[in-house]
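Read the structure below first, then the notes.
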Amino acid sequence: MAATLEFLFDFGSPNAYLSWRALPPILARTGAVVAVQPVLLGGLFKLTGNRSPVEAFAEVKGKLAYENLETKRFVARHGLSAFRMNPHFPVNTLLIMRGLVAARRTGVSAAYMEAVLAAMWEDGRKMDDPGIVAEVLAAAGLDARGLLEATQDPEVKAELLAGTEAAAARAAFGVPTFFVGEEMFFGKDRLGQVEEALSA
């Protein structure tokens, strides 16, 4: 039986994008499958008392510059030259994360994720603007109107909230977080450990 990698995910994290793009070779080598669990990163921060790195390390001399250096190294190592820091960062992801829940319910999550990830972290689109989100989804051949309407469905809202609360209950505090069984790994720089766990 193939191992399963749980990926606690929010579009608003550049490291979630980078991790997602770096995962395919790991999945191929290990034969594992990935299960994306949508969480609202802002909600997870509130539940755990965490803050974004930009906020948390703002006063630490050299810390953010080093984080940027590590990102450049990661991009180069994995050949992710399409990555661009979103000029509208930070982006409120409530709409597009509810959209992901709705896309999962209608069986189009793969196409939805690809379209939104590319718009956010390659094309620099402002993905908390409903009009732009609609453009992006329609261009990808998705039912933009139906998906956006579904973001107001109480069941969709409740599912995203429940996923976020469940993540906090498992001691997750940020994104990207990975679980192999009950073993938790945080951050794109733990992908080597993730692969080892999947191969064990």
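Read-outs throughout are calculated quantities, based only on the coordinates presented, and are distinct from any laboratory measurement. None of the values given here were measured: they were computed from a predicted structure. Using ideal geometry, Cβ is built from the backbone for each residue, glycine included, and neighbour counts are taken over all protein chains shown.
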For this session: Can you find, among Leu94, Ala197, Ser81, the residue farthest towards the positive end of the dipole of the chain? Put +1 on the C-beta of Lys and Arg, -1 on that of Asp and Glu.
Result: Ser81
Problem set entry | Extended-chain gain in nm, criterion 0.36 nm per residue less alpha-carbon gap, Ala200 and Glu155 | 12.5 nm
Exercise. For Leu80 and Asn50, what does the FRET efficiency come to when R0 = 22 Å and r is the distance between their Cβ atoms, rounded to the nearest 0.05?
Worked result: 0.30
Seminar exercise, completed: Computed about the Cα centre, the charge dipole of the chain from +1 Lys/Arg and -1 Asp/Glu charges at the Cβ has a magnitude in debye, to the nearest 20, of 440 debye
For this session: Decide, for region 11-71, between rounded, prolate and oblate: order the square roots of the alpha carbon gyration tensor eigenvalues as a ≥ b ≥ c, take rounded if a/c falls under 1.5, and otherwise choose prolate if a/b is larger than b/c, else oblate.
Result: oblate
Problem set entry | Value of [θ]222 nm, deg cm²/dmol, for the chain, DSSP H segments ≥ 4, -39500 (n - 2.57) each, nearest 500 | -17000 deg cm²/dmol
Problem set entry | Dipole moment magnitude, nearest 20 debye, region 118-200 about Cα centre, only Lys, Arg, Asp, Glu C-beta charged | 140 debye
For this session: Using only the Cα atoms of region 46-145, each taken as one equal point scatterer with no solvent, compute I(q) by the Debye sum, divide by I(0), and report log10 of the ratio at q = 0.14 Å⁻¹.
Result: -0.68
Problem set entry | Ranked packing of 150-159, 33-42, most packed first, by mean Cβ within 10 Å | 33-42, 150-159
Problem set entry | Stokes-Einstein D (µm²/s) once Rh is taken as the Kirkwood radius of the chain over alpha-carbon pairs, at 37 °C in 0.692 mPa s | 189 µm²/s
